[in-house]
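To start, the structure itself, in structure tokens.
The values are calculated or read from the model by the stated rules, or taken from the named source; none is laboratory data. Being a predicted model, the structure only gives us computed values, none of them experimental. All Cβ positions, even for glycine, are placed from backbone atoms using ideal geometry, and neighbour counts span all protein chains on display.
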């Protein structure tokens, strides 16, 4: 379907093409066709995106991002073509003059050149971006975890088991882990206004409003939390109906500082005032909570306990002893989950390799199609240059200069945009520091500057090796 839609403008043009024009081989690619002819193709691509993304919002966002990327690449490519042409315009050296001829061809076929640059830039941007995400961002996230980050979580610990649980660690020569209370509560009202899943439009807010929360208490704010609004309580505030909320939860449920929250705790009503809003670093692998109260505020309510701790690989059997001693415990093996994540990442790496190959083949296909579409014009240009006394080397340099410039513009834009997107992903989604990867960027630039001119030369070398007389006879 995509192929037929893409072919439609050309099939439509064939109907009005005179037969004598084809016999005389005077057919040229007309890039100034009405862009409305490509509207069905654009609509089909958007429909395919909606089908794959399952939501109209995401499909439109991806489509808008793709269009914006194409526009940015097109504008930058246009500017770089004119800049390269002006830098080389006033040279009189024979070899540099050959380069100027290549850049002149680039400017003369500006629409086709920009189309090639957009295709190459998008493909190379995907390759560079996936390389950065696969090797750089994931490694940075993994390395950001402390060496002794908790690799086991225990839940459903009962109050009468706390001392025995902590003594088990001390007997093993380890420090007793910190335990945290968990009180199951459901949010039922904000400022005396009943709330539920139907109150919100956002999907995350709907889920949060329909689920139970784990309330906890703490005298001091955890070291990996950051206070954004309000104040943390003082020792004399113990027992007061205060609560500190995590910022994303407060934002999703539209909760502000000073609001009163009404909870239902197993049939017992509980009203708390929001006195602070925190930023929580969830990726530290330590126990954190959406809602925390001062000590003695909710400790009279039914509660269970949880703990997070690090178990060295040599003491793995200690976890089995814990489960045997406390059969009601649920142990979550974070280390095993991390291994599964690494296995998934390895499989993703294989998938990324196929994406690399597909992007490379797509780029070469675009290059081949562009060369075939302009082959007759290139043969005439080469013949004219050879008749006027240009050597085979000068013609080759002119051709290589054209595609070297295409490769340079395309890969430079691709590397810059890929690093910008990678920076956004690291800062906004993964919340980790971004480091510019010189090796990946340099490798992409070198490969593009070598492979694209080489591929063009392999396609066009047949007429470069022909003498001028033979070229004249073939026109």
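Would you check if residue 308 is closer than 19 Å to residue 175 by Cα and in a loop (DSSP other than H, G, I, E, B)?
no
Being in contact with a strand residue (DSSP E or B) (Cβ under 8 Å, 6 or more places away or on another chain), under 30 Å from residue 214 (Cβ atoms) and surrounded by fewer than 16 Cβ atoms within 10 Å (Cβ to Cβ), is that true of even one residue in the stretch 299-320?
Yes, that holds for at least one residue.
List the pairs whose first member sits in the stretch 353-379 and is assigned by TED's automatic domain parsing to the domain that holds residue 123 and under 14 Å from residue 456 (Cβ atoms), whose second member is at pLDDT below 75 and assigned to a helix (DSSP H, G or I), and whose Cβ atoms are under 6 Å apart, counting only residues at least 6 apart or on separate chains?
Within 6 Å, the pairs are 371/459.
Can you spot a residue in the stretch 260-269 that is part of a loop (DSSP other than H, G, I, E, B), within 20 Å of residue 182 (Cβ to Cβ) and assigned by TED's automatic domain parsing to the domain that holds residue 177?
yes
Just wondering, is there one or more residues in the stretch 390-401 that are touching a residue at least 24 places away in the same chain (Cβ under 8 Å), outside any helix (DSSP H, G or I) and more than 14 Å from residue 457 (Cα to Cα)?
Within the stretch 390-401, one or more residues are touching a residue at least 24 places away in the same chain (Cβ under 8 Å), outside any helix (DSSP H, G or I) and more than 14 Å from residue 457 (Cα to Cα).
Would the stretch 348-356 turn up any residue that is under 25 Å from the mean Cα position of the chain (by Cα), crowded, with 16+ Cβ neighbours inside 10 Å and within 30 Å of residue 115 (Cβ to Cβ)?
yes
Let's see how each residue does on (1) in a helix (DSSP H, G or I); (2) surrounded by fewer than 19 Cβ atoms within 10 Å (Cβ to Cβ); (3) at pLDDT 80 or above:
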| site | (1), (2), (3) |
| --- | --- |
| 107 | yes, yes, no |
| 123 | yes, no, no |
| 128 | yes, no, yes |
| 135 | yes, yes, no |
| 138 | yes, yes, no |
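So, in the stretch 402-438, of the ones that are in a loop (DSSP other than H, G, I, E, B) and surrounded by 16 or more Cβ atoms within 10 Å (Cβ to Cβ), which residue ends up modelled with the highest pLDDT?
437
Taking residue 288 and the conditions (1) more than 19 Å from residue 243 (Cα to Cα); (2) assigned to a loop (DSSP other than H, G, I, E, B), which numbered condition does it fall short on, given that it satisfies the others?
(1)
Is the stretch 283-295 home to any residue that is closer than 18 Å to residue 150 by Cβ, surrounded by fewer than 16 Cβ atoms within 10 Å (Cβ to Cβ) and assigned by TED's automatic domain parsing to the domain that holds residue 223?
yes
Any residue in the stretch 328-342 that is surrounded by 18 or more Cβ atoms within 10 Å (Cβ to Cβ) and either in contact with a helix residue (DSSP H, G or I) (Cβ under 7 Å, 6 or more places away or on another chain) or under 22 Å from residue 108 (Cα atoms) (or both)?
Checked the stretch 328-342: at least one residue is surrounded by 18 or more Cβ atoms within 10 Å (Cβ to Cβ) and either in contact with a helix residue (DSSP H, G or I) (Cβ under 7 Å, 6 or more places away or on another chain) or under 22 Å from residue 108 (Cα atoms) (or both).
Quick check on the stretch 163-179. Is at least one of its residues touching a residue at least 40 places away in the same chain (Cβ under 8 Å), part of a strand (DSSP E or B) and surrounded by 14 or more Cβ atoms within 10 Å (Cβ to Cβ)?
Scanning the stretch 163-179, I find at least one residue that is touching a residue at least 40 places away in the same chain (Cβ under 8 Å), part of a strand (DSSP E or B) and surrounded by 14 or more Cβ atoms within 10 Å (Cβ to Cβ), so the answer is yes.
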